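Here is the structure we will look at.
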């Protein structure tokens with residue numbers, strides 16, 4: 001590790017295999033806390049490369065808890081976080097809309113870092129108990145069309161790194177890895193990123209996989225489709241800049257996406273959307289994200305078709321039924 005750190009300080013770029021192996025070293029106890037902290041800060045001084053991030057991704061997937069679910073045709077809706085916008089839980093509530101459309105969802109999430117209420121915060125607030133037991137996960141997928149995977153339960157190899165990340169108090173490359181390391185490795189993904197560098201990295205990595213994917217990046221810094229401005233979309237078939245009008249929706253103001261002052265506010269917004277009682281702005285943003293996810297999972301002709309299915313999921317009450325079913329398990 002000492003020699004590697006010296007090389008990195010001298011601007012060495014790691015190959016994919018080197019990056020993969022060094023992450024194993026960071027998690028198996030062979031590196032001390034000072035060396036781990038030093039390694040993490042390297043990528044605050046320079047940009048991470050595609051091969052380095054891909055190597056870290058492969059290592060994380062290999063070290064994750066192994067699960068064999070009954071239905072492998074899954075989708076995840078997840079953002080990198082880190083946009084600092086403190087919106088309501090757009091990707092999480094959209095996940096229930098997608099589940100209500102009959103698509104199996106494996107939602108990978110964690111407690112909020114850049115927002116006051118992350119996906120794990122809101123799900124646990126409603127009373128859901130986090131688990132990594134395969135029988136519970138299969139039951140959730142069968143009864144509710146959705147399972148929630150609280151990240152720390154599925155990545156035990158990071159237990160000695162997490163306290164160091166907390167003490168450093170800055171974003172590291174691990175923040176980029178979250179959406180890519182869902183332990184169930186769903187066939188389809190809607191991924192949101194908050195800057196052009198991460199958008200470029202994800203585009204290169206996902207282009208080499210066999211997944212159905214849609215990567216979105218809000219030009220004004222959102223890690224989801226916010227409808228507050230143009231957004232880029234890169235997928236198996238698309239590389240395009242879109243706006244609200246292209247989805248037959250109206251632009252919204254950043255203020256209308258606020259998550260509220262506390263978790264109770266966030267929970268109220270969350271339930272109002274699923275019960276079809278939200279503001280039009282909140283609803284349109286959820287329809288956009290859920291619609292793109294449905295388009296991705298079903299290989300639909302157009303995103304507008306996905307939005308129509310998402311709208312029916314809410315108006316029929318199916319999205320709320322999926323939420324209630326998960327909470328009752």
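Highest mean packing comes first when the peptides 181-189, 288-296 are listed by Cβ atoms within 10 Å, giving 288-296, 181-189. The slack in the chain from residue 34 to residue 264, taken as 0.36 nm per residue of separation less the alpha-carbon distance, amounts to 78.9 nm. Sorting the segments 207-213, 84-90, 193-199 by their residues' average number of neighbouring beta-carbon atoms within 10 angstrom, most packed first, yields 84-90, 193-199, 207-213. For the chain, modelled as a GNM with alpha-carbon contacts under 10 angstrom, which of 31, 151, 267 fluctuates the most? Maximum fluctuation in the GNM of the chain, among the listed residues, is at 31. Tell me, rounded to the nearest percent, the portion of alpha carbon pairs in segment 2-63 spaced more than 20 Å apart. Value for segment 2-63 (Cα pairs over 20 Å): 17 percent. The long axis of helix 196-206 is offset from the longest Cα principal axis of the chain by roughly 90 degrees.
Please report how far the C-alpha centroid of segment 6-21 lies from that of segment 113-181, rounded to the nearest whole angstrom. A separation of 28 Å, based on Cα centres. For the chain, the direction-averaged projected area of the alpha-carbon convex hull comes to 15.3 nm². Calculated mean residue ellipticity at 222 nm for the chain: -14000 deg cm²/dmol, from DSSP H runs with n ≥ 4 weighted as -39500 (n - 2.57), summed, divided by the residue count and rounded to 500.
Highest mobility in the GNM of the chain, judged by mean-square fluctuation with C-alpha springs under 10 Å and restricted to 140, 203, 253, is found for 253. Normalising the average separation of contacting C-alpha pairs (under 8 angstrom, six or more residues apart) by the number of residues puts the relative contact order of segment 79-141 at 31 percent.
Between 286, 69, 105, the GNM of the chain built on Cα springs shorter than 10 angstrom shows 69 fluctuating the most. For Cα pairs less than 8 Å apart in space and 6+ apart in sequence, what is the mean separation divided by the residue count of the chain, i.e. the relative contact order in percent? The value is 22 percent. Between residue 208 and residue 168, the FRET efficiency estimated from the beta carbon spacing at R0 = 30 angstrom works out to 0.45. For the chain, the longest principal axis of the C-alpha atoms and the axis of helix 303-315 are separated by about 60°.
Between segment 273-320 and segment 241-255, what is the separation of their alpha carbon centroids in Å? Result: 14 Å between the Cα centres. Taking other C-beta atoms within 10 angstrom as a stand-in for reagent exposure, 128, 108, 11 fall in the order 11, 128, 108, fewest first.
Values quoted throughout were computed directly from the atomic coordinates according to the rules given, and no laboratory measurement underlies them. All of these numbers come straight from a predicted model, not from anything done at the bench. Note that each Cβ is placed from the backbone with ideal geometry, even for glycine, and that neighbours are counted across all protein chains shown.
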